[in-house]
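The values are calculated or read from the model by the stated rules, or taken from the named source; none is laboratory data. These numbers come from a predicted model, not from an experiment. Every residue, glycine as well, gets a Cβ built from its backbone with ideal geometry; the counts of neighbours run over all protein chains shown.
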Amino acid sequence: MEVPEIQPWLFQIEPLDGESLSHFLGRFRRANDLTPAGLGKAAGLGGAIARWEKFRFNPPPSRQQLEALAKVVGVDADRLVQMLPPAGVWMNLEPIRLCAACYVESPCHQIEWQLKVTQGCDRHKLSLLSECPNCGARFKVPALWVDDWCHRCFVSFGEMAESQKGV
């Protein structure tokens, strides 16, 4: 008797408005207990997932790569494109930036926060944070944001909004 190959099933995660690819990939991996290498293998992308989680988009993901990822994560490739920086727009790879006031409203890292042209939060008219105002620790890449707080002193991102200055 021939045993058919069992296809693994994955929990589907809906992307949030404005969410960065890094943050989305981290949420998807945690929901499915996957490492970056495991997700890369499932999508046939090798080490690309680990690079993309760190905003390393040089070279940028190809349409073929995004379609392969889309099949695994259950999100349309065009929606994945929206999680990337717009073509021709430069990004800050470091430091990772955050508008804590926005995060309270929608708990995800916004791709626009990493764009070099972004000087502050347009919605709240606040400067972006690049480190914890309590202990000074730089923020980890958004794929690693598990508990919505500083990894060193555990101050919540919501509490950090009080420390943001106007722009």
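When the stretch 154-165 is filtered for residues that are touching a residue at least 40 places away in the same chain (Cβ under 8 Å) and either closer than 22 Å to PRO86 by Cα or assigned to a loop (DSSP other than H, G, I, E, B) (or both), only GLN164 remains.
Within the stretch 137-153, how many residues turn out to be closer than 21 Å to SER22 by Cα and assigned to a loop (DSSP other than H, G, I, E, B)? It would help to see each step written out before you state the result.
First, pick out the residues of the stretch 137-153 that are closer than 21 Å to SER22 by Cα: 137-152.
Those left that are additionally assigned to a loop (DSSP other than H, G, I, E, B): 137, 139-141, 145-148, 150-152.
Within the stretch 137-153, residues that are closer than 21 Å to SER22 by Cα and assigned to a loop (DSSP other than H, G, I, E, B) number 11.
Of all residues in the stretch 145-158, those satisfying the criterion of being exposed (fewer than 15 other Cβ atoms within 10 Å of the Cβ), at pLDDT 95 or above and either farther than 19 Å from GLU105 by Cα or out of contact with any strand residue (DSSP E or B) (no Cβ under 8 Å at 6 or more places or on another chain) (or both) are ARG152, CYS153, PHE154.
GLU94 satisfies every condition listed in (1) of a type in the set (Asp, Glu); (2) over 30 Å from LYS125 (Cβ atoms); (3) within 15 Å of the chain's Cα centre (by Cα) except (2). Within the stretch 126-140, the set of residues being in contact with a Lys or Arg (Cβ under 6 Å, 6 or more places away or on another chain) and buried (at least 16 other Cβ atoms within 10 Å of the Cβ) comprises SER127, LEU128, GLU131.
For the stretch 100-136, a residue qualifies if it is under 14 Å from the mean Cα position of the chain (by Cα) and in a loop (DSSP other than H, G, I, E, B), and the qualifying residues are SER106, PRO107, CYS108, HIS109.
Residues being surrounded by 15 or more Cβ atoms within 10 Å (Cβ to Cβ), β-branched (Val, Ile, Thr) and in contact (Cβ under 8 Å) with a residue 60 or more places away in the chain are represented in the stretch 109-125 by at least one member. Residues that are of a type in the set (A, V, I, L, M, F, W, C), at pLDDT 95 or above, over 30 Å from LYS165 (Cα atoms) and in contact with a Pro (Cβ under 6 Å, 6 or more places away or on another chain): does the stretch 50-60 have at least one? Within the stretch 50-60, one or more residues are of a type in the set (A, V, I, L, M, F, W, C), at pLDDT 95 or above, over 30 Å from LYS165 (Cα atoms) and in contact with a Pro (Cβ under 6 Å, 6 or more places away or on another chain).
Tell me, which helices (runs of 4 or more DSSP H) lie completely within the stretch 1-73 with 2 or more residues that are surrounded by fewer than 18 Cβ atoms within 10 Å (Cβ to Cβ), free of Cβ contacts under 8 Å to residues at least 40 places away in the same chain and charged (D, E, K, R)?
It comes to 63-73.
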